[in-house]
Structure formats: C-alpha cells, structure tokens
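Participant: First the structure, then my questions, so here it is.
The values are calculated or read from the model by the stated rules, or taken from the named source; none is laboratory data. A quick note: this is a predicted structure, and the numbers were derived from the prediction, not measured. Glycine gets a Cβ as well: all are built from the backbone with ideal geometry, and neighbour counts include every protein chain shown. What goes into the accessible areas is simple: the full protein's heavy atoms, side chains included, and nothing from ligands, DNA or RNA. Shrake-Rupley method; radii C 1.70, N 1.55, O 1.52, S 1.80 Å.
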Amino acid sequence: MDAHASGPFYATDTFWAAAGVVVAVLGGWGAIWAAFRVSHPRRRLTYAVTHARLVRRRIDGSLEIRRNGTLLADPHLVTVVLTNRGRRDIASSAFDRGEPFRVSLGVPYAEILAGECLPSAALAPPARIHGTELRIGPGRIGSGTTITYQLLVDSEPSYSCRHSLLDVRVQSAPAPPLQWGRTSSRSSQRARSAIS
C-alpha cells in the first residue's frame, strides 16, 4: 500500500498545488473587484447650478429693488441642486478635514433665500454664504436625496465648484433650461416676497 494514499489529504502535493491555484484565482478576482470599486464608487454626487434674472429686463432708474436696505442693480435668482445618485449615503466624515462643498458665484452680493430636500424627511447639510461663495456641509447626504438651494445675487453670476469629498464621484449634471413656467414662477414669487 502506498504511504501517501493512507496519509491525510491535505498532506499531498496535489492538494497544495490545487489550493495554490484557487488562491491565485481568488486573488485575481479580488484585484478585479477592487479596481471595479475604485472606478465605480458607490457614492456619487451630481451638482447643477442655474440662474435667471429676477426681472426680465435690466433695471433702470425708474425702478429700485432693495433687500434689507441694499440696492440691487441686476438681481438674479441662482439655483444650486445637489443629488446623491449613489447607492450609499455620503456621510459627514466624507468631507475631508471638514471642508465644505463650495460654489463660487463671483458676485458682489449673495444671500440664501431657501433650501429644500427631497424626500422631505431628509435634512439638508448646513449652508452659508462666505464672501462670494456658497458653502455646503459638512453634513450627511442620504442616498437618493436631492437638495436645492436658492440664492439671491446682484449681477449675473459666473460659478465654479470645488470640493474635497473622499470616496465620492462628483460630476456636473446638465441643468434643465430655466423657463418662466410654473417652477420659475414659484421661485421668482419666493424671491419677490423675500425682497418685499
């Protein structure tokens, strides 16, 4: 009788060769999966920024619009929309070193008029104006949550966005054209009531 046949199966050279092949295959699949996860993170944030003139024509000397005593020469309504399209929440800790998501507006005057979340049970991260920037967060943005901020600015904005989010793919989303339909009428009405 062969001594190898009577020994334990894990002591054979064939077993260890097969085990080596299995480990190599699993390692290869693990590397492929890791590369896939890096290129397709489960956290994905899109943003869109649009603006529209509050009054259809530029204001001349016959009309004055003021907000808290500040005279506005060419007021615009800016809408900033953030949407978490990923399968996982974006946690507060994803904001590296607590740095906010920044939307630079490049205007001399800016004020937040409103902020809302969909679904309505969600909470928007805190937002504030700092100089000519809208700073959002840090704060949790739930999966499937859309956050909209509306701002009043004086003069036509030129915006850019910066962030330091970790493990989050951030992309600019195409913004639908702003029309003077129901949505923009509601936004303009909100802005007008804020001004008056």
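Participant: Any idea of Arg66's accessible area? Nearest 10 Å², probe 1.4 Å.
Facilitator: The accessible area comes out at roughly 110 Å².
Participant: Can you give the accessible area of Leu118 in Å² (nearest 10), computed on protein heavy atoms with a 1.4 Å probe?
Facilitator: Counting only protein heavy atoms, Leu118 exposes about 110 Å² to solvent.
Participant: Here's something else I'd like to know. Going 7 Å from the Cα of Asp167 in the Cα-to-Cβ direction, what parts of the stretch 136-150 have a backbone nitrogen less than 19 Å from that spot?
Facilitator: 138-145
Participant: What is the set of long-range amide H partners of Leu72 at a cut-off below 5 Å, with H atoms built 1.01 Å from backbone N?
Facilitator: Ile65, Arg66, Arg67
Participant: Let me ask something else about it. Using a 1.4 Å probe on the protein heavy atoms only, what accessible surface does Leu123 show? Give it in Å² to the nearest 10.
Facilitator: Result for Leu123: roughly 140 Å² accessible.
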